[in-house]
Structure formats: structure tokens, C-alpha cells
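See structure below.
The values are calculated or read from the model by the stated rules, or taken from the named source; none is laboratory data. Everything quoted here is computed from the prediction, not taken from an experiment. Heads up, the Cβs are rebuilt from the backbone with ideal geometry, glycines too, and the neighbour counts pull from every protein chain shown. To get the accessible areas, we keep the full protein, side chains included, count just its heavy atoms, and leave off ligands, DNA and RNA. Shrake-Rupley method; radii C 1.70, N 1.55, O 1.52, S 1.80 Å.
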Amino acid sequence: DTFGYYETIAGGAGAGETWDGRSGVHTHMTNTRITDPELLERRYPVVLREFSLRAGSGGKGARHGGDGVIRELEFRKVMQLSILSERRACA
């Protein structure tokens, strides 16, 4: 069986001259919302292991940028994935 799933992942918004950035927000797309963990796990063969703010990732300037997020999925069956992203790092 095959399926498709598209998700926009939040990140940190940049700081400005007089304000700190916001953490864990969608700044690159409008009219989107991330799928609730319960729906994600019920509809697809995945387990959401972690969904949290990535503490300190917004930088240490005079005004801090917003922290990004960690969204770690465990796949319950073998599958092939495609990821469309930029400025991401894998451990």
C-alpha cells in the first residue's frame, strides 16, 4: 500500500532591531497547520517520538532569534521517504 503525506514544520522567526524572534512558528507558509500527533499516528504507520522546541537554536545576539523545533518520527514499517527542505541538519 502507498500513501502521501505533506507537512510543514515550524521554525524560529528572526529577531529585529527592537524585538526577539518567536519560537516554533510557521514563518514561511500561510494558512497551514501541523497535524495533531494523535491523527498522525492513527492515519500513518509512525510514532511521534519528540515534538519540542530546540532550546538555544535561535542564537545569542543582542536580540535572540526564535528557537526552531525538533520533530522526531519513528516509522513502524519500511518505507521510502522524500523530504523537501532547506537549512536542515541530521544527526
How about segment 4-22: which of its residues are in contact (Cβ under 8 Å) with a residue 12 or more places away in the chain and open to solvent by 50 Å² or more (accessible area, probe 1.4 Å)? Tyr5, Ile9, Gly14, Glu17, Thr18, Trp19, Asp20, Arg22
Can you go through Thr8, Thr18 and tell me which one is of a type in the set (Val, Ile, Thr) and at pLDDT below 90? Thr8
Identify all residues within segment 39-72 that are assigned to a strand (DSSP E or B) and open to solvent by less than 60 Å² (accessible area, probe 1.4 Å); write none if there are none. Val46, Val47, Leu48, Ser52, Val69, Ile70, Arg71
Members of segment 21-34 that are part of a loop (DSSP other than H, G, I, E, B) and at pLDDT 85 or above: Gly21, Arg22, Ser23, Gly24
